[in-house]
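These notes concern the structure reproduced below.
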């Protein structure tokens, strides 16, 4: 039986950093989703952030070309940052 060959998926890793640059979080989105976000679409996801070697739960919210990152217990890590200011990098999924 012939094995299917599929192209590896390409994603963008988006990284937000706050505080004195010692706290941050990274998410992966598809190129299509990133284009939608840049065009102002809403998108919500949750992941982890890291600060001093400890991980914390955070939620990312995109709307109107901006991103906000909220942490545990109502902590606001980032509010209304233009998405163009996020660090992004292409990655390939296996």
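So what is the calculated 222 nm ellipticity per residue for the chain, using -39500 (n - 2.57) for each DSSP H run with n of 4 or more, over all residues, to the nearest 500 deg cm²/dmol?
Taken over the chain, the calculation gives -2500 deg cm²/dmol.
Rounded to the nearest 0.05, what FRET efficiency is calculated for residue 30 and residue 85 with R0 set to 22 Å and r the Cβ-Cβ distance?
Efficiency computed from Cβ-Cβ geometry: 0.60.
Arranged by the count of other C-beta atoms within 10 angstrom, fewest first, what order do 7, 28 take?
Listed from fewest to most nearby Cβ atoms, that is 7, 28.
Taking the beta-carbon count within 10 Å as an exposure proxy, list 79, 17 from fewest neighbours to most.
Values: 79 12, 17 17.
Sorted ascending by nearby Cβ count, the order is 79, 17.
Given a cut-off of under 8 Å on Cα pairs at least six residues apart, what relative contact order in percent is computed for the chain?
29
For 49, 25, 57, which order do you get if you count the other beta carbons within 10 Å of each Cβ and list the fewest first?
57, 49, 25
Assuming 0.36 nm per residue, please report the length gained on full extension of the stretch residue 41 to residue 20 beyond their Cα-Cα distance.
4.7 nm
Taking the Cα-to-Cβ direction at residue 50 and at residue 10 and moving 7 Å from each Cα, how far apart do the two end points lie in nm?
2.6
Pop the C-beta distance of residue 63 and residue 92 into the FRET formula with R0 = 35 Å and round what comes out to the nearest 0.05. Display every interim value, and only then the final one.
Values: r = 29 Å, r/R0 = 0.81.
It comes to 0.75.
No lab work stands behind these numbers, since they all come straight from the coordinates. Just so it is clear, the structure is predicted and the values come from calculations on it, not from any experiment. All Cβ positions, glycine included, derive from the backbone under ideal geometry; neighbour counts span all protein chains shown.
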